[in-house]
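Asks: Just dropping this structure here.
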Amino acid sequence: MFCDILVFIYVFIITSVSISKFVFNMRNEYDKTVESSCSPESGGTLSSEDTDNILPTNLHSEELQLALNQEATEHDLLEAINRCKELILENTECSAERKWIVRHLIELRFRLQEHKEAMEDPRHPRNKSSGASSRSIKGHHLKLQSLLKNAGHRYCDHCTGTIWSVVQAWYMCEDCAYACHYKCLSSIVRECAHVVACEKGQYEFKICPEVGLSAQKYLCAECRTPLVVHNVWPDAKRCDYTGLYYCSACHWESSAIIPARVIHNWDFEPRAVSQASLQILRVTADRPLINLEQLNPRLFHRIQELNLVKRLRQELQGIRKYLVVCRKAVDEHLIWKCDRAHLIENVNVYSLQDLVDTHSGDLPSKLHDLVDEYLRHIKTECEICQGRGHICEICRNEEVLFPFASNAYVCEVCTAVSHKVCIERKERCPRCVRAEKRLQHFRDLNTNTPEDQLNS
């Protein structure tokens with residue numbers, strides 16, 4: 001008897017695992033099908049959602065009764081819902097008409113629920129006198145979105161439910177794109193990613209600093225929900241960015257590039273992160289928060305593309321000194337052609353997007369084009385910039401020499417510009433030698449007595 005019970009439990013567990021895997025695989029296949037149908041490579045065919053939204057030809061006569069405007073009353077909605085129920089029974093099973101009616105019936109019910117909530121809550125966005133077009137909660141600057149705006153496949157960041165944008169009132173943060181239903185506003189627990197990033201001011205530079213579930217007291221790091229670990233399908237999901245564990249409502253298996261892995265290992269493989277970490281990484285992707293010279297300077301010797309970017313940025317920093325004082329360049333807004341100001345203002349700091357573009361090869365080519373355009377302005381198009389060039393004092397070549405050129409040497413004492421080859425032959429800067437002789441001559445004049453000066 002006991003053995004039979006054990007066999008039954010074993011078969012039940014195996015069956016549950018198989019069903020769970022089957023459902024998970026079917027969901028992945030469905031997501032892939034939806035993505036492939038919506039992709040540009042699909043040849044412009046309509047997705048399944050688009051075909052469901054098209055009104056079947058047999059229902060054109062019912063369109064005026066079913067397609068209600070946003071000012072419909074509760075009585076109008078109830079009549080439309082009852083009419084949909086009648087049409088469902090009249091049409092054949094699994095037909096296109098019946099699918100459209102069922103989908104429309106769901107939307108009408110959502111609208112009816114929103115209408116009832118608006119009647120009970122004076123602060124509901126549906127009430128024109130509520131003035132609830134924007135809210136500030138947990139650092140979020142939430143803006144009420146248009147009910148007619150198509151949100152696509154958008155889900156609430158709090159309850160993970162689908163946002164039916166046509167019928168449900170919903171908000172989105174203007175800073176971090178946090179989206180939620182109106183009914184979820186009072187339950188928001190996640191701080192705005194923009195506020196968190198500004199307060200911290202830097203990334204997490206340790207690779208997956210995991211502390212363990214026991215340190216979290218087996219609670220979700222965000223919503224403090226108890227995490228089930230002794231289960232066939234555990235709820236605890238680890239974020240590779242923070243090293244903390246989250247529940248399935250706060251961790252959607254989204255993936256992102258981890259800055260710490262890029263800095264230490266030059267690894268750009270996306271890892272699973274929580275929704276809070278994903279929003280932080282998206283907000284800070286273009287911010288120059290990574291100082292590679294301090295964190296890992298050996299990367300410049302091992303990664304050829306990164307070393308090339310460093311040299312191009314050093315050249316751009318020298319070119320910038322000419323452009324900011326040239327009135328012609330200021331009038332043409334040449335500096336603003338670089339959409340990332342930190343690339344020409346500072347040599348050491350990088351954004352995460354800079355490193356990603358360096359790895360793909362886009363940033364070196366972009367900086368090359370920028371350098372070529374700036375040099376064309378300085379050396380050929382602008383006489384003002386040409387007049388600020390230098391002549392090598394050693395070889396006296398008529399070629400105009402600029403301090404940002406790769407073959408130029410700039411003296412650290414007197415800032416004289418000369419060729420590197422020439423200064424290696426001379427060993428000392430001629431201008432510094434003349435300055436020392438002149439200074440010694442003045443010292444000799446000051447040390448001589450009046451009688452010595454008369455005799456001389």
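Asks: What is the percent carbon and sulfur in the accessible area of region 331-456, measuring with a 1.4 Å probe over the protein chains and ignoring ligands? Provide the component values of the computation, followed by the final result.
Replies: Working: 4030 of 8250 Å².
Heavy-atom surface of region 331-456 belonging to carbon and sulfur, 1.4 Å probe: 49 percent.
Asks: Between ASP286 and GLN386, 0.36 nm times their residue separation minus their Cα-Cα distance comes to what?
Replies: Using 0.36 nm per residue and subtracting the Cα-Cα distance, I get 32.5 nm.
Asks: If I histogram all Cα-Cα distances within region 285-395 using bins 5 Å wide from 0, what percent of pairs lands in each bin?
Replies: Going out from 0 Å in 5 Å bins, region 285-395 shows 2, 11, 21, 22, 15, 12, 10, 6, 1, 0 percent.
Asks: Probe of 1.4 angstrom, ligands and nucleic acids ignored: what's the accessible area per residue over region 301-456, in square angstrom?
Replies: So region 301-456 comes to 65 Å² accessible per residue, rounded to a whole number.
Asks: For region 148-298, what is the accessible area per residue in Å² when the probe is 1.4 Å?
Replies: Details: 7280 Å² over 151 residues.
Here the per-residue accessible area is 48 Å².
Asks: Right, another one. Reachable lysines from LYS183, Cα under 19 Å, same-chain residues fewer than 8 places away excluded?
Replies: Here the lysines satisfying the reach criterion relative to LYS183 are LYS116, LYS128, LYS138, LYS143, LYS149.
Asks: Note the per residue figure in Å³ for the convex hull of the C-alpha positions in region 368-412.
Replies: Taking the convex hull of the Cα positions in region 368-412, it is 89 Å³ per residue.
Asks: Per the 1.4 Å probe, what fraction of the accessible area of region 180-310, in percent, lies on carbon and sulfur atoms?
Replies: Of all accessible area on region 180-310, carbon and sulfur atoms account for 49 percent.
Asks: 7 Å from Cα along Cα→Cβ at both GLU90 and SER187: what's the point-to-point distance in nm?
Replies: About 3.9 nm separates the two model spin labels.
Asks: Per 0.36 nm of contour for each residue apart, how much would the distance between LEU295 and ASN446 grow if the chain were fully extended, relative to their Cα-Cα spacing? Could the numbers behind the result be given before it?
Replies: Details: separation 151, 0.36 × 151 = 54.36 nm, distance 5.27 nm.
The span from LEU295 to ASN446 would gain 49.1 nm if fully extended.
Asks: What is the Cα convex hull volume of region 407-447 when expressed per residue in Å³?
Replies: It is 57 Å³ per residue.
Asks: Please give, to one decimal in nm, the separation of the simple spin-label points placed at GLU424 and GLU269, each 7 Å out from Cα toward the Cβ.
Replies: 4.4
Asks: How do ASP267, ASP339 rank by accessible surface area computed with a 1.4 Å probe, from largest to smallest?
Replies: Sorted descending by solvent-accessible area, the residues read ASP339, ASP267.
Asks: Starting with the highest mean, order 300-309, 248-257 by the number of other Cβ atoms within 10 Å, averaged over the residues of each peptide.
Replies: Listed from highest to lowest mean packing, they are 248-257, 300-309.
The values are calculated or read from the model by the stated rules, or taken from the named source; none is laboratory data. The structure presented is a predicted model; accordingly, all values stated were derived computationally and were not measured. Don't worry about glycine lacking a Cβ; one is built from the backbone with ideal geometry, like all the others, and counts go over all protein chains shown. Quick note on the areas: whole protein, heavy atoms, side chains included, nothing else; ligands and nucleic acids left out. Shrake-Rupley method; radii C 1.70, N 1.55, O 1.52, S 1.80 Å.
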